[in-house]
Amino acid sequence: MVQLKKIMRKEIILAVIFLSTAHIGACRSRPDTEREPILSHHEAEPQEKHSQPSAENAEPKHGDILTGEDRSREEGEIKVQGKWEFPVAITKSGMLWGTIEETRTGGRILAFRGIRHVRPPVGDLRFKAPVPFPRWDGIREAKKNGHFCPQHMYYKPDVWIGEEDCLWLNVFSRDLAVNKKRPVIVWIHGGNFVRGSAADYEPDYLLDEDIVLVTIQYRLGMFGFLSSEDQYAPGNYGMLDQVAALQWVKTNIDAFSGDVNHITIMGQQAGGASVHYHMLSSLSRGLFHRAISLSGSALSWWASLKRPLERAKKLARLLECPYDADKSKEMIECIRGIEMEKMMNTHPNFYEWKHLNQNQEPVNAWSPRVDPEAALSFMPNEPIDLMTAGNFQHVPWIAGITDDEGAFKGSAFFSEMRNVREFEEDFEKIGPLMFGFHDGQSEAPKMMARKVMDYYWNGKELTKENAKSLVDALSDSSYAHPVDTASKIQSIKSQAPVYVYHFGYKGVNSLTQMDTNSHPPQVIQRDIPYGVGNGDDLIYLFPILSGAFRPLPHDDLIFSQRFIQLFTSFATDGKPVIKMGEGIDDFVWHPVDPNNATHLDIGNEMRMDLGLPNHERMNFWQSMPVYWNSDRENYKPAPPLQDKDEL
């Protein structure tokens, strides 16, 4: 196993963007992501030293941002070592010195990167809840992204990057005017809880709208989710990192002209599931006011770790640590003291299916879990039980999927037909893994996988001609049915509106065009039309793949601007609207009515459609016992959907 330390930054970003379905990088000529943020302190004049980062002793001024001593000053300018510097944000944690960047239309962005808000989770803080970073004196530079969290490259899984000291966040705003209160969007990156970074998502598109954008980091993989199922290592450290970031935003975002009463959390894939988890967790109550889940739900099988103790014991054996049932404390203490490099080198041992010669497979070894034994419990009960009981934060919620979520995985799967033949020959093992039935000891997972095969491709040999049937099965099992079920239940139980969408816009570009076996990944033409896959919607929200799809063609650019308006208007007042122009009525997205369900069809045109998509396929999954309890031998069927008065 190799740690990738010295590599061009562009290659690092390109290499980590590809996740088990889609993980999107977004960087161009941006600050370095693999270097430590500058932490030197600078004394602001005229003070000699201050104990409070107050406006009085920092002397922020007003005016423009041109150079020259004889001009008025803009909020956020401050004198540092005899020179006026800009932008400087005065937060409750201390002063932060950022940089000036541009949106895709030339608008100004004030960027504050690599902001430390919690202590590095290293040493004794490994496998523990995050600890707030202490307030500092002087000015702290916030000009560079911090480290990636430890993660393996998608294109070459025996290579890994990152450092445990990886908890930081970025803030992007138009200005620092304290009399302006802009809606805030906090972006949580995807990556199956094992890959990704805040550095992958740049503000160039979203900051053309008048918002404040925050992108956050959280611990991944074993460092974020290892659990011994007891008080010694309850797990969910990555989720607690997200809570800590939201707490910092709530306390400090007004320093960036953000409105503490209009905070929206938004994420894709694992980030979308995280958003849904925060709606269900009591630890996140009051930290946000609206929520947006793209391609992710707390009900997604890949977003919930069952029997984590088994994986913890396996890791302990590999690291030569105690792993007996009565030695949980000793096991965790031993693992806590192991070098990060040695832990990362155990990664291939957790594969159950070697896929595409890259050791990639559809099973998560590490993800969130139900943690009732934790002193600081993030998820004390099963998500499905919290939802049906109405025990969640009742805030407006947007939830949806792309039309062909499994297209990215399918395009890689069918790139070599020997992968397909391997899948068919060993279906009783691989099938349950592909569709989230996991590894229970009973025959139930095999039985359910065979039902999927019979329903979607009628047991026929898979070819490029009927590849779409496997793509549909992957889409429905991993994304469509969990999101469909969650949105239906919450539209019934929530006192706030629920908005559902299906994204089918077919622009010029698609992630299914990316060849992940090359390094760096290349854009190629596939011989199968896979559809609009997981992550294709992000093409219109962020400048992804180091400019591979930039600039957007004219029609895609217009679509991108309108697509973004849906989310920024929602962040503003909870009502997603598109301004269509003078003399044209605004496009209004209507919430789900439990008695007359509708959804937004986001295609080449946007329109409201009656009913929810793929009704028959959703009924098939509704008949499958796909939500299981913690012992995973006794599968629990999805709860029946009843009228609002009956729940």
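A single member of Gly271, Gly258, Gly224 is within 30 Å of Ile100 (Cα to Cα) and in contact with a Gly (Cβ under 8 Å, 6 or more places away or on another chain), and it is Gly271. Checked across the range 408-420, the condition of being at pLDDT 90 or above and in contact with a Lys or Arg (Cβ under 8 Å, 6 or more places away or on another chain) holds for no residue.
Condition check ((1) of a type outside the set (Gly, Ala, Ser); (2) surrounded by fewer than 20 Cβ atoms within 10 Å (Cβ to Cβ)) across all residues:
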| position | (1), (2) |
| --- | --- |
| Met266 | yes, no |
| Ala270 | no, no |
| Leu294 | yes, no |
| Arg307 | yes, yes |
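Taking the conditions exactly as written (surrounded by fewer than 24 Cβ atoms within 10 Å (Cβ to Cβ) and either without any contact (Cβ under 8 Å) to a residue 12 or more places away in the chain or not in a strand (DSSP E or B) (or both)), does Pro134 satisfy them or not? Yes, satisfied. Pick from the range 430-447 the residues that are over 29 Å from the mean Cα position of the chain (by Cα) and at pLDDT 85 or above: which of them is surrounded by the fewest Cβ atoms within 10 Å (Cβ to Cβ)? Step by step, filter the range 430-447, then rank; the result is Met447. When Gly410, Gly390, Gly406 are screened for being on the phi > 0 side of the Ramachandran plot and of a type outside the set (Val, Ile, Thr), only Gly390 passes. Between Trp248, Trp187, the distinction of being modelled with pLDDT of 95 or more, part of a helix (DSSP H, G or I) and of a type in the set (Phe, Trp, Tyr) belongs to Trp248 only. Give the range 562-612 a look and list any residue that's assigned to a helix (DSSP H, G or I) and surrounded by fewer than 18 Cβ atoms within 10 Å (Cβ to Cβ), or say none. Answer for the range 562-612, where residues must be assigned to a helix (DSSP H, G or I) and surrounded by fewer than 18 Cβ atoms within 10 Å (Cβ to Cβ): Arg562, Asp573.
Restricting attention to the range 108-120 and to residues that are assigned to a loop (DSSP other than H, G, I, E, B) and over 20 Å from the mean Cα position of the chain (by Cα), the residue that is surrounded by the most Cβ atoms within 10 Å (Cβ to Cβ) turns out to be Pro120. Which of (1) surrounded by fewer than 22 Cβ atoms within 10 Å (Cβ to Cβ); (2) touching a strand residue (DSSP E or B) at 6+ places or on another chain (Cβ under 8 Å); (3) not in a helix (DSSP H, G or I) does Leu299 not meet, given it meets every other one? In the conditions (1) surrounded by fewer than 22 Cβ atoms within 10 Å (Cβ to Cβ); (2) touching a strand residue (DSSP E or B) at 6+ places or on another chain (Cβ under 8 Å); (3) not in a helix (DSSP H, G or I), Leu299 misses (1) alone.
Quick check on Gly162: is it crowded, with 19+ Cβ neighbours inside 10 Å, closer than 22 Å to Val249 by Cβ and not basic (Lys, Arg)?
Values: crowded, with 19+ Cβ neighbours inside 10 Å: yes; closer than 22 Å to Val249 by Cβ: no; not basic (Lys, Arg): yes.
Criteria not met by Gly162.
Checked against (1) surrounded by fewer than 24 Cβ atoms within 10 Å (Cβ to Cβ); (2) in contact with a Phe, Trp or Tyr (Cβ under 9 Å, 6 or more places away or on another chain); (3) more than 23 Å from Ala389 (Cα to Cα), Ala245 meets all criteria but (1).
Residues of the range 132-172 that are more than 26 Å from Leu213 (Cβ to Cβ) and of a type in the set (Val, Ile, Thr): Val159 alone. Taking residues in the range 297-326 that are farther than 25 Å from Asn381 by Cα, and partners anywhere that are among the acidic types (Asp, Glu), the pairs with Cβ atoms closer than 7 Å and at least 6 places apart or on different chains are Pro322/Glu330. Scanning the range 301-338 for residues that are of a type outside the set (D, E, K, R), out of contact with any Lys or Arg (no Cβ under 6 Å at 6 or more places or on another chain) and within 16 Å of Gln231 (Cα to Cα) yields a count of 8.
Mind telling me which of the residues Asp241, Asp254 ends up being touching a residue at least 60 places away in the same chain (Cβ under 8 Å), closer than 19 Å to Pro121 by Cβ and assigned to a helix (DSSP H, G or I)?
Working: Asp254 fails: closer than 19 Å to Pro121 by Cβ.
Answer to the selection: Asp241.
Can you name every residue in the range 377-387 that is crowded, with 18+ Cβ neighbours inside 10 Å and either over 19 Å from the mean Cα position of the chain (by Cα) or among the β-branched types (Val, Ile, Thr) (or both)? Outline the logic, then answer.
From the range 377-387, those crowded, with 18+ Cβ neighbours inside 10 Å are 378-379, 382-384, 386-387; that's our starting set.
Across the range 377-387, the qualifying residues are Glu382, Ile384, Leu386, Met387.
Only one entry of Ala142, Ala129 meets the criterion of being surrounded by 21 or more Cβ atoms within 10 Å (Cβ to Cβ), under 25 Å from Leu240 (Cα atoms) and of a type outside the set (S, T, N, Q), and that entry is Ala142.
When you check Glu633 against the structure, is it modelled with pLDDT under 85, out of contact with any helix residue (DSSP H, G or I) (no Cβ under 7 Å at 6 or more places or on another chain), exposed (fewer than 14 other Cβ atoms within 10 Å of the Cβ) and under 22 Å from Asp208 (Cα atoms), yes or no? No; evaluated as a whole, the condition is false for this residue.
State whether one or more residues within the range 347-362 are closer than 25 Å to Phe503 by Cα, modelled with pLDDT under 90, part of a loop (DSSP other than H, G, I, E, B) and not acidic (Asp, Glu). If you could, list the steps in order and put the result at the bottom.
Initially, the range 347-362 is screened for residues closer than 25 Å to Phe503 by Cα, giving 362.
With the extra rule that they be modelled with pLDDT under 90, the set shrinks to 362.
Narrowing further to those that are part of a loop (DSSP other than H, G, I, E, B): 362.
With the extra rule that they be not acidic (Asp, Glu), the set shrinks to 362.
Checked against the condition, which is being closer than 25 Å to Phe503 by Cα, modelled with pLDDT under 90, part of a loop (DSSP other than H, G, I, E, B) and not acidic (Asp, Glu), the range 347-362 yields at least one hit.
Can you work out which of the residues in the range 145-175 that are part of a strand (DSSP E or B) and over 30 Å from Glu74 (Cβ atoms) is farthest from the chain's Cα centre (by Cα)? Looking at the filtered set, the residue picked out is Val159. Among residues of the range 569-588 that are in contact (Cβ under 8 Å) with a residue 60 or more places away in the chain, those with a Cβ under 6 angstrom from a residue that is of a type in the set (S, T, N, Q) and assigned to a strand (DSSP E or B), sequence gap 6+ or separate chain, pair up as Ala571/Thr264.
Of all residues in the range 122-156, those being at positive phi and modelled with pLDDT of 95 or more number 2.
Looking only at the range 464-512, residues that are free of Cβ contacts under 8 Å to residues at least 24 places away in the same chain and assigned to a helix (DSSP H, G or I) come to 1 in all. When restricted to residues that are surrounded by fewer than 19 Cβ atoms within 10 Å (Cβ to Cβ) and at pLDDT 95 or above, the range 79-102 contains 4.
I need the full set of residues from the range 552-561 which are of a type in the set (A, V, I, L, M, F, W, C) and surrounded by 12 or more Cβ atoms within 10 Å (Cβ to Cβ), in order please. The answer is Leu552, Leu557, Phe559.
The values are calculated or read from the model by the stated rules, or taken from the named source; none is laboratory data. Because the structure is a prediction, the values reported are computed rather than measured. Every residue, glycine as well, gets a Cβ built from its backbone with ideal geometry; the counts of neighbours run over all protein chains shown.
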